[in-house]
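K.L.:
Got a structure for you, written out below as structure tokens; questions coming shortly.
The values are calculated or read from the model by the stated rules, or taken from the named source; none is laboratory data. Because the structure is predicted, anything quoted here is derived from the model rather than measured. Backbone-built Cβ (ideal geometry, glycine too); neighbour counts: all protein chains shown.
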Amino acid sequence: MGRITLQKVQKKFGDVEVIPPLDLEINDGEFVVFVGPSGCGKSTLLRLIAGLEDVTDGQIDIDGEDATMVPPAKRKLAMVFQSYALYPHMTVRKNIAFPMRMAKMDPAEQNRRIENAAAALNLTDYLDRRPGQLSGGQRQRVAIGRAIVREPAAFLFDEPLSNLDAALRVGMRMEISELHKKLDTTMIYVTHDQVEAMTMADKIVVLRAGHIEQVGSPLELYRTPRNTFVAGFIGSPKMNLIEGAAAAEHNAQTIGIRPEHLDVSTTAGQWQGTVGVAEHLGSDTFIHVHGVAGCDPMTVRAGGDVDVKHGDTIYLTPQAEHLHRFDTQGLRIA
Amino acid sequence: MATQSSRSAARIMMAPAVFLLLVWMLVPLSLTLILSFKRFLPLRGDRIGERGDGFGDFLLDYITGFPTLDWVGFQNFSAFASSGAFTDAVITTLVIVGGVLAVSVIFGILLAMLLDQPMWGQGVVRILVIAPFFVMPTVSALVWKNMFMDPTNGLFAHLWRAFGADPVVWLSDVPMFSLILIISWQWLPFATLILLTAFQSLDSEQLEAAEMDGAGPLARFFFIALPHLSRAITIVILIQTIFLLAVFAEIFVTTGGAFGTRTLTYLIYQRVLESQNIGLGSAGGVYAIILANIVAIFLMRIVGKNLDR
């Protein structure tokens with residue numbers, strides 16, 4: 001079980017309100033990702049749930065019980081830190097055993113759980129090494145192992161992949177996703193990387209300055225962003241936001257069109273511009289187009305076989321059904 | 001330092017320093033060694049430098065092994081070791097070293113923990129804490145002796161009398177305790193400072209992880225903080241031992257070696273300057289070197305392996 005409910009949770013550091021009163025429901029077994037730019041309060045929110053920070057006001061319920069004043073160790077939550085926070089003087093085995101040792105668990109049961117976790121995480125050969133002798137990915141797995149053996153109600157991940165290189169990050173991303181499918185335990189995952197959010201989450205919580213901008217499944221957020229912030233944050237490359245006359249034509253303050261929803265032509269189209277940089281990725285081509293009124297540069301995602309060079313004139317036509325319209329407050333017009 | 005030429009260049013450039021260090025160490029060491037096998041009682045008319053008083057004359061005497069002094073073999077060594085004062089002095093030395101180490105490490109950790117807490121005026125407090133280290137040993141011993149421990153005018157005497165108790169005559173009733181107190185007061189800042197920097201380098205996420213893993217404050221201290229400090233503690237113990245084995249001024253100023261506070265260093269001083277027996281004192285000096293090495297080997301065995309990690 002791992003149902004976590006935040007009711008009017010608020011956090012202030014002195015006079016600075018980091019998290020204004022906020023409500024959030026996290027269901028049992030859900031993979032929830034908190035995503036937002038750095039400094040948006042996502043890590044603080046996670047630490048509030050973990051109990052490492054005290055809430056200024058409001059209530060945190062875990063499995064229907066008020067846990068607001070419960071110390072972190074008693075909340076049945078396990079956390080994986082950004083720095084992994086392994087104990088450097090202990091072997092991998094002792095690191096993983098530490099929470100069970102603190103709980104004074106039966107040694108035979110401890111060993112059984114260590115073996116299971118090590119087997120699941122490919123750590124069996126490394127049990128007698130110290131963290132200093134492991135690679136980044138292995139340390140990451142030890143940290144996860146230490147969390148698994150506690151059999152917690154929910155896992156909390158604080159930017160766990162940000163210290164890994166790009167290739168390893170993709171691998172670990174899948175391992176964590178698979179772990180979630182296998183354990184079927186609630187996971188709360190903090191990241192600033194919207195790709196991680198899109199690929200892993202059941203539910204994404206987009207935060208800005210402590211406010212929840214939108215909650216929803218990855219595709220909901222991609223298809224119907226509630227405002228211009230979510231529109232610009234989710235999706236890669238970013239959505240093109242166009243203001244001015246082009247937006248006014250659609251009775252909106254701002255219109256948004258994703259790079260993949262623009263048709264490219266060298267002869268005719270709705271908007272005309274010149275190619276700035278064309279990034280050929282093989283499968284796709286990202287073209288940065290200058291000179292379109294209201295949005296400069298405009299990014300276009302075209303097929304890999306599009307042959308354009310710097311300085312070429314290009315015509316773009318937005319696909320009408322994929323056009324997003326936003327009003328003066330930046331909110332979506334249905 | 002990869003190529004052959006850069007390695008040899010480095011050797012040549014280091015040579016003067018190595019040479020200076022060797023001379024610095026070897027001259028006094030060999031002088032002590034030679035004299036420890038000689039009868040040298042200046043008051044009984046033993047002389048070196050019969051040829052004259054110049055440096056060249058001394059150097060010639062030194063190189064030829066002081067031919068004017070009688071070679072007595074191991075007589076100085078057996079005389080020094082067979083005196084009852086010798087074993088007492090060794091034990092006293094070890095008790096003082098051990099006592100001061102225990103006090104400065106334990107209280108150093110506690111003080112460092114206290115100073116690591118965020119508080120108002122942290123910078124000033126830290127400077128104040130390190131202050132005793134800047135006071136000369138002679139001065140601090142005099143301050144303790146006259147200001148605190150004096151049985152009639154000392155602050156402790158006033159304090160004791162305020163509660164109606166008889167003042168303790170610190171330096172003669174509990175001389176070892178008093179000495180350890182004085183020397184610890186001087187060395188505590190050093191230990192505190194090194195341990196404080198170690199505390200500050202402790203990753204707070206590790207402590208938080210331990211907290212989430214269910215470790216209480218005591219468990220966090222013993223399982224996380226203390227192992228993290230082990231290297232710093234090793235350094236404190238090694239450095240302090242080196243200096244504490246040679247502690248002298250504090251004893252000279254307070255008890256003058258009386259009441260069982262005569263350390264090996266102090267015994268050597270008495271043999272050389274009070275008994276005017278340089279040969280005997282030199283033999284004591286050689287014993288001091290041996291003792292220091294035994295202690296050093298033990299320390300390296302016990303705590304030194306912490307440095308390898």
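K.L.:
Among (1) in contact (Cβ under 8 Å) with a residue 12 or more places away in the chain; (2) closer than 18 Å to B:GLN240 by Cα, which single condition is B:PHE134 missing?
P.N.:
Only one criterion in (1) in contact (Cβ under 8 Å) with a residue 12 or more places away in the chain; (2) closer than 18 Å to B:GLN240 by Cα is unmet by B:PHE134, namely (1).
K.L.:
Let me ask another. Based on this model, can you work out whether B:ALA209 counts as without any contact (Cβ under 8 Å) to a residue 12 or more places away in the chain, of a type in the set (A, V, I, L, M) and either farther than 23 Å from A:MET100 by Cα or within 14 Å of another protein chain (Cβ to nearest Cβ) (or both)? Before you say what the answer is, go through the steps one by one.
P.N.:
On the way: without any contact (Cβ under 8 Å) to a residue 12 or more places away in the chain: yes; of a type in the set (A, V, I, L, M): yes; either farther than 23 Å from A:MET100 by Cα or within 14 Å of another protein chain (Cβ to nearest Cβ) (or both): yes.
Spelling it out, B:ALA209 is indeed without any contact (Cβ under 8 Å) to a residue 12 or more places away in the chain, of a type in the set (A, V, I, L, M) and either farther than 23 Å from A:MET100 by Cα or within 14 Å of another protein chain (Cβ to nearest Cβ) (or both).
K.L.:
Now for a different question. Only one of (1) in contact (Cβ under 8 Å) with a residue 60 or more places away in the chain; (2) more than 25 Å from A:GLY39 (Cβ to Cβ); (3) not small (Gly, Ala, Ser) is not met by A:PHE157, so which one is it?
P.N.:
(2)
K.L.:
If you don't mind, there's one more thing I want to ask. Using the structure shown, decide if B:SER282 is within 14 Å of chain A (Cβ to nearest Cβ) and among the hydroxyl-bearing types (Ser, Thr, Tyr). Show your work before the answer.
P.N.:
On the way: within 14 Å of chain A (Cβ to nearest Cβ): no; among the hydroxyl-bearing types (Ser, Thr, Tyr): yes.
The answer is no for B:SER282.
K.L.:
Can you confirm whether segment B:286-306 contains a residue that is within 14 Å of chain A (Cβ to nearest Cβ) and more than 30 Å from B:LEU43 (Cβ to Cβ)? Spell out how you get there, then give the answer.
P.N.:
Here is the first cut: in segment B:286-306, the ones within 14 Å of chain A (Cβ to nearest Cβ) are B:305-306.
Then drop every residue that is not more than 30 Å from B:LEU43 (Cβ to Cβ), which leaves B:305-306.
Yes, some residue in segment B:286-306 is within 14 Å of chain A (Cβ to nearest Cβ) and more than 30 Å from B:LEU43 (Cβ to Cβ).
K.L.:
Sort through A:ARG141, A:ARG112, A:ARG146 and tell me the only one that's buried (at least 21 other Cβ atoms within 10 Å of the Cβ), more than 13 Å from every other protein chain (Cβ to nearest Cβ) and either in a helix (DSSP H, G or I) or out of contact with any helix residue (DSSP H, G or I) (no Cβ under 8 Å at 6 or more places or on another chain) (or both).
P.N.:
Numbers: A:ARG112 fails: buried (at least 21 other Cβ atoms within 10 Å of the Cβ); A:ARG146 fails: more than 13 Å from every other protein chain (Cβ to nearest Cβ).
The match here is A:ARG141.
K.L.:
Out of B:ALA157, B:ALA79, B:ALA162, which single residue is farther than 17 Å from B:LEU188 by Cα and in contact with a Pro (Cβ under 7 Å, 6 or more places away or on another chain)? Even if it seems obvious, please write down each step before you answer.
P.N.:
Numbers: B:ALA79 fails: in contact with a Pro (Cβ under 7 Å, 6 or more places away or on another chain); B:ALA162 fails: in contact with a Pro (Cβ under 7 Å, 6 or more places away or on another chain).
It is B:ALA157.
K.L.:
Also: Anything in segment A:116-135 that is outside any loop (DSSP other than H, G, I, E, B) and among the hydroxyl-bearing types (Ser, Thr, Tyr)? List them, or say none. Please lay out each step first, then the result.
P.N.:
Just the residues of segment A:116-135 that are outside any loop (DSSP other than H, G, I, E, B), to begin with: A:116-120, A:124-126, A:131-133.
Hits for segment A:116-135 are A:THR124, A:TYR126.
K.L.:
Continuing with this model, one more query. Do we find that B:LEU181 is closer than 30 Å to B:PHE248 by Cβ, surrounded by fewer than 19 Cβ atoms within 10 Å (Cβ to Cβ), among the aliphatic types (A, V, I, L, M) and more than 10 Å from every other protein chain (Cβ to nearest Cβ) in this structure? Quick ask: steps written out before the conclusion?
P.N.:
Numbers: closer than 30 Å to B:PHE248 by Cβ: yes; surrounded by fewer than 19 Cβ atoms within 10 Å (Cβ to Cβ): yes; among the aliphatic types (A, V, I, L, M): yes; more than 10 Å from every other protein chain (Cβ to nearest Cβ): yes.
Against the criterion (closer than 30 Å to B:PHE248 by Cβ, surrounded by fewer than 19 Cβ atoms within 10 Å (Cβ to Cβ), among the aliphatic types (A, V, I, L, M) and more than 10 Å from every other protein chain (Cβ to nearest Cβ)), B:LEU181 qualifies.
K.L.:
Look at A:LEU134 and say whether it is in contact (Cβ under 8 Å) with a residue 40 or more places away in the chain, away from chain B (no Cβ under 14 Å) and of a type in the set (A, V, I, L, M, F, W, C).
P.N.:
yes
K.L.:
Against the conditions (1) touching a residue at least 24 places away in the same chain (Cβ under 8 Å); (2) surrounded by 15 or more Cβ atoms within 10 Å (Cβ to Cβ), where does A:ALA67 fall short? Just the number, please.
P.N.:
For A:ALA67, the exception is condition (1).
K.L.:
Can you name every residue in segment A:203-222 that is within 17 Å of A:ILE49 (Cβ to Cβ) and either of a type in the set (D, E, K, R) or not in a strand (DSSP E or B) (or both)?
P.N.:
Residues satisfying the conditions are A:LYS203, A:GLY210.
K.L.:
Which of the residues that make up segment A:50-79 are more than 26 Å from A:GLU17 (Cα to Cα) and among the aliphatic types (A, V, I, L, M)?
P.N.:
A:ALA73, A:ALA78 - these are the residues of segment A:50-79 that are more than 26 Å from A:GLU17 (Cα to Cα) and among the aliphatic types (A, V, I, L, M).
K.L.:
Filtering segment A:69-81 down to residues that are over 22 Å from B:PRO227 (Cα atoms) and within 25 Å of the chain's Cα centre (by Cα), which residue is farthest from the other protein chains (Cβ to nearest Cβ)?
P.N.:
A:LYS76
K.L.:
Give the residues of segment B:227-241 that are in contact (Cβ under 8 Å) with a residue 12 or more places away in the chain and either within 11 Å of another protein chain (Cβ to nearest Cβ) or of a type in the set (Ser, Thr, Tyr) (or both), sorted by residue number. Spell out how you get there, then give the answer.
P.N.:
So in segment B:227-241, the residues in contact (Cβ under 8 Å) with a residue 12 or more places away in the chain come out as B:228-241.
Across segment B:227-241, the qualifying residues are B:HIS228, B:LEU229, B:SER230, B:ARG231, B:THR234, B:THR241.
K.L.:
Pick from A:LYS94, A:LYS104: which is of a type in the set (Lys, Arg), part of a helix (DSSP H, G or I) and within 12 Å of chain B (Cβ to nearest Cβ)?
P.N.:
Details: A:LYS104 fails: part of a helix (DSSP H, G or I).
Selected residue: A:LYS94, the only one of A:LYS94, A:LYS104 that is of a type in the set (Lys, Arg), part of a helix (DSSP H, G or I) and within 12 Å of chain B (Cβ to nearest Cβ).
K.L.:
Okay, moving on. Name the single residue that is farthest from the other protein chains (Cβ to nearest Cβ) among those in segment A:49-64 being surrounded by 16 or more Cβ atoms within 10 Å (Cβ to Cβ) and free of Cβ contacts under 8 Å to residues at least 40 places away in the same chain.
P.N.:
A:GLY51
K.L.:
Is it true that A:LEU86 is surrounded by 22 or more Cβ atoms within 10 Å (Cβ to Cβ) and part of a loop (DSSP other than H, G, I, E, B)? Outline the logic, then answer.
P.N.:
Details: surrounded by 22 or more Cβ atoms within 10 Å (Cβ to Cβ): yes; part of a loop (DSSP other than H, G, I, E, B): yes.
Yes: the conditions hold for A:LEU86.
K.L.:
In segment A:149-187, what residues are within 19 Å of A:ARG113 (Cα to Cα) and part of a loop (DSSP other than H, G, I, E, B)?
P.N.:
A:VAL149, A:ARG150, A:GLU151, A:PRO152, A:ALA153, A:ASP184, A:THR185
K.L.:
Could you say which residue among A:ALA154, A:ALA118, A:ALA167 is of a type in the set (Gly, Ala, Ser), in contact with a Ser or Thr (Cβ under 7 Å, 6 or more places away or on another chain) and either more than 26 Å from A:THR44 (Cβ to Cβ) or more than 14 Å from chain B (Cβ to nearest Cβ) (or both)? Can you show your working first?
P.N.:
Numbers: A:ALA154 fails: either more than 26 Å from A:THR44 (Cβ to Cβ) or more than 14 Å from chain B (Cβ to nearest Cβ) (or both); A:ALA167 fails: in contact with a Ser or Thr (Cβ under 7 Å, 6 or more places away or on another chain).
On inspection, the qualifying residue turns out to be A:ALA118.
K.L.:
Only one of these conditions is not met by A:SER38: (1) assigned to a loop (DSSP other than H, G, I, E, B); (2) over 27 Å from A:MET198 (Cβ atoms). Which number is it?
P.N.:
Evaluating A:SER38 over (1) assigned to a loop (DSSP other than H, G, I, E, B); (2) over 27 Å from A:MET198 (Cβ atoms) leaves (2) as the failure.
Matching residues to (1) over 30 Å from B:GLN75 (Cα atoms); (2) outside any loop (DSSP other than H, G, I, E, B); (3) not basic (Lys, Arg):
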| position | (1), (2), (3) |
| --- | --- |
| B:SER5 | yes, yes, yes |
| B:ARG11 | yes, yes, no |
| B:ALA17 | yes, yes, yes |
| B:TRP24 | no, yes, yes |
| B:VAL27 | no, yes, yes |
| B:ILE34 | no, yes, yes |
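K.L.:
Give me the pairs: first residue in segment B:57-75 and more than 15 Å from B:THR32 (Cβ to Cβ), second residue assigned to a loop (DSSP other than H, G, I, E, B) and of a type in the set (Gly, Ala, Ser), beta-carbon distance under 6 Å, and six or more apart or on different chains, which are they?
P.N.:
B:ASP57/B:GLY49; B:PHE58/B:GLY49; B:ASP61/B:GLY49
A quick yes/no check of all residues on (1) closer than 30 Å to A:ILE204 by Cβ; (2) part of a loop (DSSP other than H, G, I, E, B); (3) assigned by TED's automatic domain parsing to the domain that holds A:LEU221:
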site: A:SER236; (1), (2), (3): yes, yes, no
site: A:ALA247; (1), (2), (3): yes, no, no
site: A:ILE255; (1), (2), (3): yes, no, no
site: A:GLU260; (1), (2), (3): yes, no, no
site: A:THR267; (1), (2), (3): no, yes, no
site: A:THR285; (1), (2), (3): yes, no, no
site: A:ARG301; (1), (2), (3): yes, no, no
site: A:VAL306; (1), (2), (3): no, yes, no
site: A:TYR315; (1), (2), (3): no, no, no
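K.L.:
Ok, one more. A:LEU86: in contact with a Lys or Arg (Cβ under 7 Å, 6 or more places away or on another chain) and within 14 Å of another protein chain (Cβ to nearest Cβ), yes or no?
P.N.:
Values: in contact with a Lys or Arg (Cβ under 7 Å, 6 or more places away or on another chain): yes; within 14 Å of another protein chain (Cβ to nearest Cβ): yes.
When the stated conditions are applied, A:LEU86 passes them.
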